[in-house]
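Undergrad: Please read through the structure below; I'll follow up with questions.
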Amino acid sequence: MSDGAAIPAPGAIVDRVRAELSRPGTDPLVVVGDVMLDRYVDGSSTRLSPEAPVPVVDVTGESERLGGAANVALGLARLGARVVLVGVVGADDAGRRVRSLLDDVPSIDARLVVDPDRVTTTKERVRVDGRHVIRVDREQTDPPSEATVGAIARMTRGALGTAPVLVVSDYAKGAVDATLLGSLEDRPLTVVDPKHVDVERYTAKAAGRFGGGARTKLDDCRRKQRVVLERLGVDTIDELRARGSAAAAPAVDPTLLDFARRECAEAEKEFLEVAAMVIPEVEPEVEGEDAEVIEAPSSFGDDADDLDLRIEPSAAS
């Protein structure tokens with residue numbers, strides 16, 4: 001630091017935050033976002049399966065933890081804060097487990113919408129001898145129903161009250177509608193952990209910008225397509241195709257290309273074509289009986305240590 005002041009040790013910072021959050025009379029913080037269940041399967045492996053060249057895992061233990069926005073709320077609670085958590089879960093076993101885990105934390109007031117038409121986002125990780133080898137996701141990323149979106153907005157407004165801070169934990173699973181923050185009048189200091197590229201959706205002008213309703217996957221794909229083309233210095237896919245290669249173009253945020261491969265194969269084939277021209281490994285997903293799961297480039301994974309899967313045509317036909 002230019003003034004010569006010492007930088008506080010991490011432990012001292014945590015102690016100060018804990019003291020502030022646990023101070024008597026402090027109003028609850030509000031966390032809104034995508035609530036998840038994290039499941040861990042631990043075991044060991046000494047052999048490969050005769051059915052495929054994959055390890056056989058002898059399970060030695062299983063555990064479940066709060067994930068996503070629920071984990072953010074839990075972290076704040078462990079720092080001494082009282083927290084109101086707003087989100088959505090499905091009417092399924094995973095949703096019931098999330099609510100049970102939240103019931104075990106007295107300082108979290110969980111106000112969850114139970115939507116029978118949605119699955120509770122669940123991320124199951126398999127670890128062999130402590131090494132994370134694969135993750136299996138169960139989730140929905142399409143927008144929730146208008147009733148669910150409205151309920152989340154009402155619960156958030158009702159929870160804010162005199163809250164000093166609003167924390168938005170947005171994993172792009174649908175709980176944080178594009179118009180949510182723009183519809184909150186006089187909201188407090190807002191901290192956002194975004195998955196979306198367009199941060200404008202978290203501003204006060206978001207309600208008008210997005211037309212008062214949730215955008216579809218197709219809308220997101222088209223918008224991201226424009227962003228990629230702009231960063232490549234072209235206006236259209238035809239122009240990119242005519243140039244033949246994007247090797248000399250400016251670097252493109254890999255999360256955009258990840259979005260292309262994961263989300264846009266069905267909604268916007270052209271956007272996937274843009275991504276494939278930038279990085280050849282990006283290919284459309286294939287449906288049908290002759291499909292098999294193979295390993296895709298790990299650079300596209302949500303987490304560096306996750307095994308990312310995609311569908312490609314089987315060699316045998």
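Undergrad: Considering only residues that are of a type in the set (Ser, Thr, Tyr) and touching a strand residue (DSSP E or B) at 6+ places or on another chain (Cβ under 6 Å), look in the range 135-157 and name the one that is farthest from Ser169 (Cα to Cα).
TA: Among those residues, the one meeting the criterion is Thr148.
Undergrad: Restricting attention to the range 160-175, does a residue exist that is at positive phi and either buried (at least 20 other Cβ atoms within 10 Å of the Cβ) or not in a loop (DSSP other than H, G, I, E, B) (or both)?
TA: Yes; the residues of the range 160-175 include at least one that is at positive phi and either buried (at least 20 other Cβ atoms within 10 Å of the Cβ) or not in a loop (DSSP other than H, G, I, E, B) (or both).
Undergrad: From the set of residues in the range 120-151 that are at pLDDT 95 or above and touching a Gly at 6+ places or on another chain (Cβ under 7 Å), which is surrounded by the fewest Cβ atoms within 10 Å (Cβ to Cβ)?
TA: Lys123
Undergrad: So which residues in the range 185-217 are modelled with pLDDT under 65, of a type in the set (A, V, I, L, M, F, W, C) and either over 18 Å from Asp34 (Cα atoms) or part of a strand (DSSP E or B) (or both), if there are any at all?
TA: Ala204, Ala206, Ala207, Phe210
Undergrad: Does Lys173 satisfy being basic (Lys, Arg), in contact with an Asp or Glu (Cβ under 8 Å, 6 or more places away or on another chain) and either more than 30 Å from Arg96 (Cβ to Cβ) or at pLDDT 90 or above (or both)?
TA: Yes: the conditions hold for Lys173.
Undergrad: Taking Arg118 as the residue in question, decide whether it is assigned to a loop (DSSP other than H, G, I, E, B), closer than 27 Å to Lys195 by Cβ and touching a residue at least 40 places away in the same chain (Cβ under 8 Å).
TA: Yes; evaluated as a whole, the condition is true for this residue.
Undergrad: Just checking, which of Gly67, Gly95 is farther than 10 Å from Val31 by Cα, of a type outside the set (S, T, N, Q) and in contact with a Ser or Thr (Cβ under 6 Å, 6 or more places away or on another chain)?
TA: Gly95
Undergrad: Please specify each residue of the range 150-185 satisfying the condition of being of a type in the set (Val, Ile, Thr) and out of contact with any Leu (no Cβ under 8 Å at 6 or more places or on another chain).
TA: Thr162, Val176, Thr179
Undergrad: Just to be sure, is Gly182 buried (at least 17 other Cβ atoms within 10 Å of the Cβ), in a helix (DSSP H, G or I) and either touching a residue at least 12 places away in the same chain (Cβ under 8 Å) or not charged (D, E, K, R) (or both)?
TA: So Gly182 fits the description; yes.
Undergrad: While we're on this one: So for the range 18-28 (the condition being within 30 Å of Pro143 (Cα to Cα), over 21 Å from the mean Cα position of the chain (by Cα) and modelled with pLDDT under 95), does at least one residue qualify?
TA: Yes, some residue in the range 18-28 is within 30 Å of Pro143 (Cα to Cα), over 21 Å from the mean Cα position of the chain (by Cα) and modelled with pLDDT under 95.
The values are calculated or read from the model by the stated rules, or taken from the named source; none is laboratory data. Just so it is clear, the model here is predicted, and its values are computed rather than measured. For neighbour counting, all protein chains shown are included, and Cβ atoms are generated from backbone atoms with ideal geometry for every residue, glycine included.
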